[in-house]
Structure formats: structure tokens, C-alpha cells
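The values are calculated or read from the model by the stated rules, or taken from the named source; none is laboratory data. What you see is a predicted model; the values in this text were computed from it and never measured. Cβ atoms come from the backbone with ideal geometry, glycine included; neighbour counts cover every protein chain shown. We work out accessible area using only protein heavy atoms, side chains counted, and drop any ligands, DNA or RNA first. Shrake-Rupley method; radii C 1.70, N 1.55, O 1.52, S 1.80 Å.
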Amino acid sequence: MHQSILAYRRMRYLWIASAVSLAAIIVYALHRPAEPPNGGTWLGYTLGVAGTLLIAWLTAFGIRKRRYSSTLGSVQGWLSAHVYLGAALVVIATLHAGMQFGLNVHTLAYALTCLVVASGIAGVWLYLRYPELMSRNRVAQTREQMLAELVDLDRLCSRQAAAIGGEFPDAIMSGRDRTKLGGSAWALLAGRDGSQLLLPSPAAGGPQQERALPNPSQTRLLDWLGARLAESTDGERTRQIHELMSLVGARRSLLDRLRRDAQIRAWLEAWLYLHIPATFALIAALIAHIIVVFLYW
Amino acid sequence: MRVLIRFVRRGQAGAVEHRERLFDGEAVTLGRSTDQVLHLKDRRVALKHARIVLRGAVPVISSRAPGGIVVNDALCREAALRPGDVIRIGANVLSLFAPPPGVDLAFTFELDPEAAAGEAGLEPHRLDLAAIGWRRRSWSWLLFGVVTFVVLLVPAAGLLDEGTRERIRSGPLPDDGLWLSGPLASAHHTTSERCETCHRKPFERVRNGACLACHAGVSRHFASAAGIGTQLESARCASCHAEHNEPETLLRRDDALCAQCHRDIARIAAAIATTQNASDFHDDHPQFRISLLTPPGTEAERRDGTWPVLRVRVDRNGLAERSRLKFPHRVHLDPAGIESPEGPSVLDCDDCHRPQPDGRRMQPITMEQHCAGCHRLDFDPAFPDATVPHVAASVVLQRLVEYYSRSYLEQYPDPRATAVPARRVEVPGLVPGAHERARMLQAARSRAFAVARDLFERRSCHDCHEVEHTGDKEDPWRVVPARLTAEWMPAARFSHAQHATALSSCDRCHDAERSKDAADLLMPSIGTCRECHGGGERKRQTAGLVPSGCTMCHGFHDPAQGPWTPAAAR
């Protein structure tokens, strides 16, 4: 049975992380150093060492999750611990800093720690929420199946348009060729549909429309088809246009689902593009921090 | 510009399918982007690859894409077009033919099957972030490198030599200011904020030598002759004086450090008889001891005018200040006022007691500044403006004799004086004879002694001073020297200025309004301070009291103990 990583082993790691954070806070509150609280008191050094070890261990999760043959705990357990202890890291780092911040390498390391943890929390939220949205959107299809269905629909549309003749093949081809799926980070993450349409003029042989116009969700094409449908006086032709419209409508909803799927998948990945590079920046800042405090001891 | 585009599709059996489109617009744009007039589904083609415009009547194709265009098998950027020309862009072939009337340009558009085969059909949709070129790994290493370079390597280059350091600091490059773990204490801005002033050697803690370079005259904590606390003598300055903290705290203020020794100091420093244990102001601190000036007792002291200092508990029974002055505070502080030459005058504490500019001790009280306004030293009601100076009794007596002698000799006798010779014949222009002068001087001297007796034994001097009889007929009086204690508690820092708050007035600590006698000791005991001051920082929970650590009143470096040279190498 599926168990959320947050609830792993009855939230064992939540309790551990809370206990560690609480202990750090209590010791910090009782600690009365001779100087203002900072990373150089005995508690400061202790918290600093604890935080460094914690960062090293949290980073090691990136290695452990790739070691499929490893028997060192389950990946699920590691992830649960990664999430909770990662959150506890913010408490430890804040207390280590003794609430002293400035424009320097030390606060850079702290800020990057917070950024990594915040992006991780965003990732947890996405992982808990998006897979369900994704499977609901896919309706038991894989992306490849959806793409194959798209090719099928394209062919059906073209054939139907060719059967109608006139400006229909051009319109359908333009709608197909100028359909946009993904393509840029913005289009993926915002789920933006950049599809366009270059429509033939209403009267065949007349000048063509000069510019391609936006065709989000194939609406412009469907509107155009609707207008042609209204104009049609021939029963057979009407039936054919009607058939074509339903094909284009099916294509539209498939495209929307594909786009939504790409959007969800992009978000599920996007946070990692912050989480991982920020972690590397954090490690660099951490190394600099540790070297520098002893360089100018 | 009207353009006729003929789409050509060749079937497998050699059948050719045509479809025509008439375009009317300013330019025919060609490219991979979906907003182009001719949408070329070919990865080799740029998003906006080329455009055809009318220049005069001649259509011209131009391209700024890296791949360029091939016109009549020649790669070019721009070309004027004539019917018969063939343009190739990737697998797309445009062949120009003579335009029908009313059309500016006409061409067929088809896909070269051979060229298209290499392209493997349609461009795949880019449906995830990796497909659009996002790379976690390269971003990660890039950021790692940038951060290392900016915050570590570039500033560290300044450690190579001084020239590099100054170049980095004066330029826009990140310097070792980025390494600052907290602001420099304001007192240390004299270092021009140069790290190396104190951090002389990398990876080595700041040594005392760096501190002593400026703080040469630092004092000992106690005289080392006592042979105690040698670990103090060799301590690191920075163990008490920590830099780069917020809030700025250059001074270690924890009682625990002091209490380490002072909790049991009476045993540790038994050689210093006066030491008493103390570990917390509120709970473990001896009663205050005051440094009471006592009048000279021995012959030598009397001769040298030295007043021995008596260190004594402030609450000792029968303790009296022996300043040798008569001064009832109560009379002077009478709310109804005190008699003065200008009529009754209401005095306040600060009419006489003013803090020093540093806010700590009080300025000394002097006769001239504080008393003479009322206590005027006139001696003869007939001449209220004539006064004697506030000097030794023999000098005062001398002045009086001189004064009266001159008055008599100048024949300005006191009209009420009985000693004036009654039957003296005053002949204008007559010079008194020797006998007459001797008589007058004798009379003047008697007069002066009578007035002096009045001064020393009944009036002005006697009001404030103790006057002794010397037994010497020529110099019969001596004013007993008086001295006020200037510093009652030299071992403690106390700021009157800081205590001048709405919560405390003078009489909260000094009960002067009820004091009838100068001998009354008006110094507060520790109980008075503890009304507001609690224990050290650790005991700040003592309800409503000001947390008061050792260093609030006491200093570590005692100038009285002489200069200290801690081990510079540490």
C-alpha cells in the first residue's frame, strides 16, 4: 500500500528532527555565552559541526538514491529522513549564526541553506500533489500513447479535410503545422499554448490572410470551422464539416491534456533545477565559510 | 505584395498534387517558428530564417540565419529573384516562375525527398525541461565554480602580497571584506578596517602582540607580587575582548569568569588581607567598604598634612565622617529657605554638588565657589565691604592688624571705637610723634585682636571650622585643617549622570535632608543599590531588577596596579 514519505514509519523522522531542533533551541536559550551568541562559542562550534555533517549527509541522498543495489536503508526511508532533517537544518543553521547576519560569505552560506531547504519543501509539496493530478490528466495513457493518438488524429483530420476540399486542407494543415507543444521553459511551466493559425481567405482564390494568428486550444480553427458549418447549405458537406469539427475537437482536448501533462512534469522537475544547483553553490559557500573563519581566526 | 504560392506534393506513383495559395502582405517570412508565413518544419532552419520583400518591383530574399540560403546552388545572404530561380532552405525547395498578371511573385514550394530523408521527418515536440536545454549538472558545477571564485579565490589572492591586496581592495573585485563575520567595533575603526592589522598570519588566532601594538599601557589586574593568578597574566586578550559581534561587545561581561577566582578569593589571595568573596551582586557580595579620610593622627601625618584613608564597612556602627567641618545638611536644605545676604534662599543639592563632566564623581566643594556667597568673611559691621581672605589663622590675624594700623595711622578712627585716645588734640598739619604713633599702633593691635577673637571664637570661622588655641600670645588661634572625602568608593565605577532618572533622586541614596551633623555618613549601603540592581546576567530573572554583572561597577585592568605586559606571543 502506498505510504506518503511524510508518514514513513509513523513519522519517525519527524519526531527525530523535531527532537533535534527542540534540543538545539533549548540549549541555545539556556546558553549564556560571554559574548553575544555566535558561531565561535562552544555551542556555536557544536551546531556548526552538526550542520556541516547534516549537509554532507543530506547531499549524500543524491548519491544513495542512484545506488539501486544499495541495502543501506530503503530509499523511501532516506527520503523521509532527508525531508525532515533538511528542515531541521534551518533551525541548526540559524542558531549557529546566533541571528547575526550581514553581507558576507557566512550569511551567503546561510541564505543558500535556506534556499535549498525552501526549494526542497516546494519539491515535497509538488511530489505530494502533482502525481495524482498527472495520473488523473493522463487517463491511463502514457505520453507516448497520447503522441501516437495525436498523429492518428492528424491523419484523420487531413483525410477528412481533403475529402471536403476547397480551403479546408490548407486550414487543417496550418492548424496542424502551427500547433505548438512545449518548446520553452515558460511554455512548459505556464502551460502556455503558443499555437497559431494562418487561415485561407473565406472566398477561395482571394488574397490570403497576411499573418498567422494565435490559436490557443485550437479555438480559432474551431471557430472558423463553425462559421463554415453555418454557411454550408449542402447536407453532405455539412455532415463532413461536422465530422471534421469533432475530430479537431478531439485533437484539441488531446493537445490540452498533453500540454497539462508536460506542465506537471516540468514542475515536478523544475524545483530540482533550483534545489541541486543551489546545493552545489551552498557547498562552495560552506567550504569558503569554514576556510575563512579559520583563515582570519 | 501579392504572392502566389503553389504547394507541390509528389505521390509515390509519380502523381503530382498542386494546391495554390494567394498571399497578400508586406513580406513573405520563412522559418521554423509557427508565426511565419511559410512554416518550414525542418530543424536545420532557423526560427525566422529568411524573408522576401519587394524592392521596387524586384522581389529580394534575405537571410540572417547562420545557415544562410542557397539560391541557384550558391550559398548567399541576399539575392534579387527572377523567374527560374531556385531557392533551397534545408529540405525545402522554392522554384520561381513567371507571375500571372496582378501578382508580384510566384513560386512553387515542395519538399526535396532526398534532403528530407536525412531530417527524419518532423521536428519532435520538446516536452520537458531537459529537452529545452536545461542542465542540472552543468548549472550545479557552474554555480559551484562561481561561488568559489567570487567569495574564496579572488579575495584570497590578496593574501599573496600587499600589492595584490591593495589592488583588489581598491578595485571592483570582491575583497576580504566579504569574509567579515560581523561589523568591526566602533573603537577599532582606527585600524582603517584592514584585516591584517590584527589577523597578521593566516590560520593563526589573533595574538596579544597585535592588541598591544596599540594598547601598550594596559594595566594589571593585581600586583603580581601577590604570586597568584599567573594564568591571568598569560591570558589571551581576545578571550575577554571578542571582536565582530552584534550587538557590539568588545568586553566580556559574564560573572562566571570573575567568580572563578572571586568566589573563593579570600582563600586564593589570602596574602591580600582585604579581599572578600563575591560571585554575584545580589546574592554573594560583601557590604560596601568606603575609603574614609581620617584626620592626621600621628605627628608625621600632622606635619605633612596627610589624611590616612580608612577602609571600613559603610554600615559599621558609630561611623562618623571627621572632615573637621561643621555642616548641617538639614539646615541648608530647609524647604523654607536659609538666611543669606540677599534674604532667605532655598538651596538644592545641585547648588553645591555637581557631577564631573564624565558623569561619575562629584566636583570638589570649595569655600570660594560654594560657601562664600553666603558665608562672607566681613569682620567689622562699620565696614561691611571689608573682608578677610580664607587663609590660615595667622595670616588672617596679620591682615587685621595691618588693616587697623593703617586706619588708625591714616586717622580714620572707628567712631565707636573705645580705644581711640579721647583727649588727643588734632592739630592740622601736625605729625604725630613717636610716642603718639606707638600708642596708636598699640590701640590698633588691640582692636585687631578683639575682632579676631570675635571671628575665630564666635562668628565666621567658628561657624564652619574647629579653632584651637595655640597658647602663643602673638598667634593664639589655629584653624584645624578640614578635608572632604572626594572619592568614597574608588574600587567601583559609579555614574551619577546615569542615575539621574525619574526613578531616583539624590535623597533615595543620600539622606541629607535629615542630617543635622557633618559627621553623619550619607553614603548608601549595598542594600540601597539592591533595591534596583539584581544579580549578574545569569540571574536576570530576579523579578524587576536591573541585571548587574561585575563589570557594571568593576574593571579588570586596575591602573593602580601598574602596567601589564601579557605574553605577546599568545
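For the range B:462-516, how many residues meet the condition of being in a helix (DSSP H, G or I) and within 23 Å of B:Leu333 (Cβ to Cβ)? Count: 10.
Restricting attention to the range A:22-66, which residues are part of a loop (DSSP other than H, G, I, E, B) and either away from chain B (no Cβ under 14 Å) or open to solvent by 20 Å² or more (accessible area, probe 1.4 Å) (or both)? A:His31, A:Arg32, A:Pro33, A:Ala34, A:Glu35, A:Pro37, A:Asn38, A:Gly39, A:Gly40, A:Lys65, A:Arg66 - these are the residues of the range A:22-66 that are part of a loop (DSSP other than H, G, I, E, B) and either away from chain B (no Cβ under 14 Å) or open to solvent by 20 Å² or more (accessible area, probe 1.4 Å) (or both). Considering (1) buried (at least 21 other Cβ atoms within 10 Å of the Cβ); (2) farther than 30 Å from A:Met173 by Cα; (3) more than 7 Å from every other protein chain (Cβ to nearest Cβ), the lone condition that A:Leu268 does not fulfil carries the number (1).
Can you tell me which residues in the range A:86-101 are of a type in the set (Val, Ile, Thr) and over 32 Å from the mean Cα position of the chain (by Cα)? Within the range A:86-101, no residue meets the criteria.
Looking only at residues of the range B:309-330 that are open to solvent by 80 Å² or more (accessible area, probe 1.4 Å) and not in a loop (DSSP other than H, G, I, E, B), we find that the one that is nearest to B:Asp517 (Cα to Cα) is B:Arg330. Of the listed requirements (1) away from chain B (no Cβ under 14 Å); (2) open to solvent by 40 Å² or more (accessible area, probe 1.4 Å); (3) assigned to a helix (DSSP H, G or I), A:Gly120 misses just one: (2).
This table checks each residue for (1) touching a residue at least 60 places away in the same chain (Cβ under 8 Å); (2) within 14 Å of chain A (Cβ to nearest Cβ).
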position: B:Met1; (1), (2): yes, yes
position: B:Arg32; (1), (2): yes, yes
position: B:Arg44; (1), (2): yes, no
position: B:Val58; (1), (2): no, no
position: B:Asn72; (1), (2): no, no
position: B:Leu81; (1), (2): no, no
position: B:Gly84; (1), (2): no, no
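The set of residues in the range A:126-146 being more than 17 Å from A:Arg257 (Cα to Cα) and either out of contact with any helix residue (DSSP H, G or I) (no Cβ under 9 Å at 6 or more places or on another chain) or surrounded by 13 or more Cβ atoms within 10 Å (Cβ to Cβ) (or both) consists of A:Leu126, A:Tyr127, A:Arg129.
Note on the range B:146-226: enclosed helices (runs of 4 or more DSSP H) holding 3 or more residues that are within 19 Å of A:Leu295 (Cβ to Cβ) are B:154-157, B:162-170.
With respect to B:Asp520, is the statement that it is free of Cβ contacts under 8 Å to residues at least 40 places away in the same chain and surrounded by 13 or more Cβ atoms within 10 Å (Cβ to Cβ) true? Considered against the rule, which asks whether it is free of Cβ contacts under 8 Å to residues at least 40 places away in the same chain and surrounded by 13 or more Cβ atoms within 10 Å (Cβ to Cβ), B:Asp520 comes out as no. For the range B:462-480, a tally of residues being open to solvent by less than 70 Å² (accessible area, probe 1.4 Å) and within 24 Å of B:Tyr408 (Cβ to Cβ) returns 3.
Here the helices (runs of 4 or more DSSP H) wholly within the range A:136-246 that include at least 2 residues being of a type in the set (D, E, K, R) and in the same structural domain as A:Arg259 (by TED's automatic domain parsing) are A:143-164, A:168-177, A:219-231. Does B:Glu243 satisfy the condition of being surrounded by 15 or more Cβ atoms within 10 Å (Cβ to Cβ), of a type in the set (Asp, Glu), under 28 Å from B:Asp161 (Cα atoms) and at pLDDT 85 or above? So B:Glu243 passes the test. Only a single criterion out of (1) open to solvent by 20 Å² or more (accessible area, probe 1.4 Å); (2) farther than 20 Å from A:Val292 by Cβ is not satisfied by A:Ala88, namely (1). Among the residues of the range B:181-198, the ones that are within 17 Å of B:His241 (Cα to Cα) and either loosely packed, with under 13 Cβ neighbours inside 10 Å or out of contact with any helix residue (DSSP H, G or I) (no Cβ under 8 Å at 6 or more places or on another chain) (or both) come to 8 in all.
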